[in-house]
Amino acid sequence: MRFLTFLEPTLSARICKELERAGQIVAKVAKRRKGLELELIDKRIDVLVIGAGSEYLDLQILNACDLAGIRVLALSNGPADRRNSMTLGLNEVLDSSATWPQMEAILLPNLVQRVEQGESVEPVAAPPRTRGQVISVWGPAGSPGRTTISISIAAELAAKGLSVALLDADTHSGAVAPTLGLLDEAPGLAAACRLVGNESLSIAELERVAETYHSVNGSFKVLTGLGRPHRWPELSAARMKAVIKQCTTWCDFTIIDTGSSLEADEEISSDISVPRRNAATLTSLESSDLVLAIGAGDPVGLARYLRAHAELVELVDPIKILCVVNKVRAGVVGANPAAQVERTLLRFGGINLSRIVPFDLSGFDSATLSGKTILDVSPRSAARVAISKIADELSHGVVTLQAG
Ligand SMILES: Nc1ncnc2c1ncn2[C@@H]1O[C@H](COP(=O)(O)OP(=O)(O)O)[C@@H](O)[C@H]1O
Ligand SMILES: [Mg+2]
């Protein structure tokens, strides 16, 4: 990996030696803050090792690193330094006495193995409970309603008195926070992922970084998505896996709004962690007990869905896929639209037993306008009733599936 250090000079000298001994490349030792952003790009830096104090670490440099997908590791000389980095939301902080193995533990993906062995992410004092269910909401490009269904299902489950976490893992166009009128300046999901890197993810920390959607019908937790899509490297596969695992000890249901693309970017074979743009979606799908696969109920939407469904079954066992056709209306598919849709899916995709959610423009428009769920603004909406039936099935664990 290529490193840039921006540290107090004696510390910098020690760290550079440490890195070089470990076979890493120190591409630049920065002495002043000015022009640092450009150096990071020019020198094709992978990791910035920076002092955690305010004379080194500030929001601009963190943002620049986020934009360029550069990892940041801060070294702290005491409580004031730690406070500065915590305030900025950077949890990858080590003591200034840090050695390479400690840095490596944060930067290199041996975390994956440890997570798989269930080692590093167990809650500190988790109340004993049965494992929560994980449901990903996925669908092809063209906005079939992944976010809408994710939010609505979360609201319906919460209304049943279940504890629910809604995660926005769409690294292309995350929209849960704006749709629910929540703050998304400090993305909760990215913060949770950082905590994994710092090995300090716990239920208490999840509570801290989550926003709450408040409702008299039932509140639920939200780990908001990336306001700026450039930050996608933060949602790496290993970290997402650890966050989802921790969520299953936190809530009865974890609902994940995913991106549409299933492409796995080329893995570059090397010993360093290679983040992938769609890692968050792919990991969510792999980690789910059930995938709600959303298609739009018009001819174009159905054609897109059928093509994408064939890709999905390469990744997810069809027994775990429930097809939900959303925005179904007579205007575009003819009389008795639900039957038309079902016939099309069976004939061209061998897909049986899909669920149908009708089109309800005014219901979802007023929900979005007021930053509320459809359950809260239009409980009698036919779309809401259909979604609540799906949530009923999910809560009873009696979903009947038969996908092609
Ligand atoms: N059943 C429905 N009836 C009418 N409009 C819908 C329905 N479901 C979703 N929409 C609208 O479609 C648009 C896209 O939905 P969204 O959930 O953001 O899609 P995605 O997350 O798949 O990109 C939004 O304006 C939403 O209000
Ligand atoms: Mg969306």
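Shape analysis of the stretch 2-107 places it in the rounded category; the axes a ≥ b ≥ c from the Cα gyration tensor give an a/c below 1.5.
Using a simple spin-label model with pseudo-atoms 7 Å out from Cα toward Cβ, His396 and Leu346 lie 2.3 nm apart.
Membrane-span-like helices in the chain, defined purely by DSSP H runs whose alpha carbon atoms cover 15 Å or more axially and whose average Kyte-Doolittle hydropathy reaches -1.0, are 9-21, 146-159, 237-250, 299-315, 337-349, 382-396. Sorting Val137, Val385, Val47, Val164 from the fewest to the most surrounding beta carbons within 10 angstrom yields Val385, Val47, Val164, Val137. What the Cβ-Cβ distance of His214 and Arg380 gives, at R0 = 25 Å and to the nearest 0.05, is a FRET efficiency of 0.70.
How would Met1, Met103, Met240 line up from fewest to most surrounding beta-carbon atoms within 10 angstrom?
On the way: Met1 19, Met103 22, Met240 26.
Ascending Cβ contact count within 10 Å gives the list Met1, Met103, Met240.
Distance between the modelled labels on Glu199 and Ile41, one decimal in nanometres: 3.6 nm (7 Å Cα→Cβ projection). Rounded to a whole number, what is D in µm²/s for the stretch 238-361 from Stokes-Einstein with the Kirkwood radius over alpha-carbon pairs (25 °C, 0.890 mPa s)? Reported coefficient: 152 µm²/s. Taking only the Cα atoms of the stretch 131-229, the radius of gyration and Dmax are 13.2, 38 Å.
May I ask you to work out the translational diffusion coefficient for the chain at 4 °C, viscosity 1.567 mPa s, via Stokes-Einstein with Rh from the Kirkwood sum over Cα pairs, reported in whole µm²/s? The estimated diffusion coefficient comes to 58 µm²/s.
Projected label points at Arg2 and His230, each 7 Å from Cα along the beta carbon direction, are separated by 1.7 nanometres.
Coordinate-derived values only; no laboratory data. Since this is a predicted model, take the numbers as computed values, not measurements. Virtual Cβ from ideal backbone geometry, glycine too; neighbours counted across all protein chains shown.
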